[in-house]
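Each remark here refers to the structure printed beneath this line.
The values are calculated or read from the model by the stated rules, or taken from the named source; none is laboratory data. Just so it is clear, the model here is predicted, and its values are computed rather than measured. Neighbour counts are summed over all protein chains in view; Cβ atoms, including those assigned to glycine, are modelled from backbone coordinates with ideal geometry. SASA here: full protein model, heavy atoms, side chains in, ligands and nucleic acids out. Shrake-Rupley method; radii C 1.70, N 1.55, O 1.52, S 1.80 Å.
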Amino acid sequence: MGHFRLLVVGNAISAYGSYLNMVALNVFVYQVTGSALTAGLFMAVRLITSVLSGFVSGRLVSRHDRKRLMVCADLTQATALVVLLLAPDGARVALLFALAVGTGACSTLSQVALRSSVPEIVGADLRTRANGLLVTGRSLAMIAGFASAGVVIAQFGYTTAFALDAATFAASATILFLLPIRTRAAAGKGAADDTATDTGDTGRWASLALLKAAPLLAVMVAVRAADGLGSSSHNVALPIYSSALDPSHPATFVSQFWATWAIGNIVAQQVCSRRTDRTGRSPGERAFAIGSCVMSAAFIVVFSGLPAVPAAVAALVAGMADGFTEIAYVSRLQAAPDDRRGRLFGLSASAENSGFGLGMIVSAALLERYSPLQVVGAFQGLAIVLCVALLVVLARGRTLFPHEPPARESGGPAPGREVSAAEGGTP
């Protein structure tokens, strides 16, 4: 795990750059163009690119060296930011939209490649603990990125902010390049023996074929898309709700919420790691569904108008459940054979980003007429309904899917048996 901990540090540095980049670029676009429409289009291009690149990323990760892909993704983002810094003012608007495409595609590619690589880097038995470390690193990076963005821009300007962004991506690429890690299964290990990973024209539908062969995973991916929808609602509603609570200090509740949420994520990582060490079992589908229900319910409670302390407790529970479900979900998909894993994570990334993007648009429109509690309740309620549906599917799994054995809640299937244990394929 020593090398992986260094990878977590590099990933956290890159994530910090991504969150700082998100704030700085969005504000910079508006400053340069003076148009709210252009700023909105910039965000839309970035998000649409993330959605579309999920499918492409899955194929790239399945065919090429994942470590090299992650290094190239970080270096591409660093280079793009340097080009933006050196470009004349007249060319910056066009470069900003090119940067939106590049950052959207590279961030998705890096995420898919890393998630697919974890079992090969640390071993299947340690993947739950490894995923927990990644969740903790990203949570801390998110808080640091959002918290420092305003200070960096206000005190030092956009040039320094973009230079710092570029430096974080370069640092992450350097750490990855120097680490002696293997990101793919050894030749012949975990290979599928059906047509789900065909190349050529049939390969375009390989991800959907995988989900058709494993209906439980299809339902889990649908739940994650609904979670993205719910996440978008509370992200949009938080500033509005916080302003209503304290008009003179509109950022207070938002800051408290995200800080408490991050603490909950860290606690979830510790709990998952200790449980896995004690039992040798990773959280499975039922744990994922129950955790998602708790997470959505906690987010609804946050917006119910409770006093500060109970609201903070609800935010803490939401953070814990959010971190737990992330670990459970990623660990479950990582039980797939190595040659299928990249396509699954690519499809998952597209589904999650689609849910989040659609939710941002719809929730923003609904908040013009309805209260934050009503909007968040509706979106998170949909996620709860799908989680309940997943629990019903699991309860009736033997009848509904007699040819799909449930995944073992362990450190992972034994080498060579991943197809039958994780994906319901032919042994």
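The number of residues in region 263-300 being basic (Lys, Arg) and in contact (Cβ under 8 Å) with a residue 40 or more places away in the chain comes to 2.
Taken as a whole, region 51-66 holds no residue that is modelled with pLDDT of 85 or more, in contact with a Cys (Cβ under 8 Å, 6 or more places away or on another chain) and of a type in the set (Ser, Thr, Tyr). Scanning region 1-25 for residues that are modelled with pLDDT under 80 and in a helix (DSSP H, G or I) yields a single hit, Gly2. All conditions in (1) out of contact with any helix residue (DSSP H, G or I) (no Cβ under 7 Å at 6 or more places or on another chain); (2) among the β-branched types (Val, Ile, Thr); (3) closer than 19 Å to Thr183 by Cβ hold for Thr79, with the sole exception of (3). State yes or no: is Ala218 touching a residue at least 12 places away in the same chain (Cβ under 8 Å), of a type in the set (A, V, I, L, M, F, W, C) and either buried (at least 23 other Cβ atoms within 10 Å of the Cβ) or part of a helix (DSSP H, G or I) (or both)? Spelling it out, it is not the case that Ala218 is touching a residue at least 12 places away in the same chain (Cβ under 8 Å), of a type in the set (A, V, I, L, M, F, W, C) and either buried (at least 23 other Cβ atoms within 10 Å of the Cβ) or part of a helix (DSSP H, G or I) (or both). Can you find a residue that is in a helix (DSSP H, G or I), touching a residue at least 60 places away in the same chain (Cβ under 8 Å) and closer than 20 Å to Gly228 by Cβ anywhere in region 57-68? Checked against the condition, which is being in a helix (DSSP H, G or I), touching a residue at least 60 places away in the same chain (Cβ under 8 Å) and closer than 20 Å to Gly228 by Cβ, region 57-68 yields at least one hit. Against the list (1) β-branched (Val, Ile, Thr); (2) more than 30 Å from Ser273 (Cβ to Cβ); (3) out of contact with any Leu (no Cβ under 8 Å at 6 or more places or on another chain), the condition Val135 fails is (2). For region 137-168, a residue qualifies if it is surrounded by fewer than 22 Cβ atoms within 10 Å (Cβ to Cβ) and under 19 Å from Asn265 (Cα atoms), and the qualifying residues are Leu140, Met142, Ile143, Ala144, Phe146, Ala147.
Among the residues of region 311-329, which ones are closer than 15 Å to Gly228 by Cα and hydrophobic (A, V, I, L, M, F, W, C)?
Within region 311-329, Ala318, Ala321 meet the criteria.
For region 46-94, residues that are crowded, with 18+ Cβ neighbours inside 10 Å, aliphatic (A, V, I, L, M) and over 22 Å from Ala173 (Cβ atoms) total 2.
Out of Ser255, Ser292, report the one residue that is at pLDDT below 85 and either in contact with a Pro (Cβ under 6 Å, 6 or more places away or on another chain) or hydroxyl-bearing (Ser, Thr, Tyr) (or both). Testing whether each residue is at pLDDT below 85 and either in contact with a Pro (Cβ under 6 Å, 6 or more places away or on another chain) or hydroxyl-bearing (Ser, Thr, Tyr) (or both) leaves just Ser255.
Residues in region 113-128 that are within 13 Å of Arg332 (Cα to Cα) and either open to solvent by 20 Å² or more (accessible area, probe 1.4 Å) or not aliphatic (A, V, I, L, M) (or both): Arg115, Ser116, Pro119, Ala124, Asp125, Leu126, Arg127, Thr128. Within region 248-294, the residues that satisfy the criterion of being aliphatic (A, V, I, L, M) and open to solvent by less than 10 Å² (accessible area, probe 1.4 Å) are Ala262, Ala268, Ala289. With respect to Ile13, is the statement that it is open to solvent by 40 Å² or more (accessible area, probe 1.4 Å) and under 13 Å from Thr103 (Cα atoms) true? The answer is no for Ile13.
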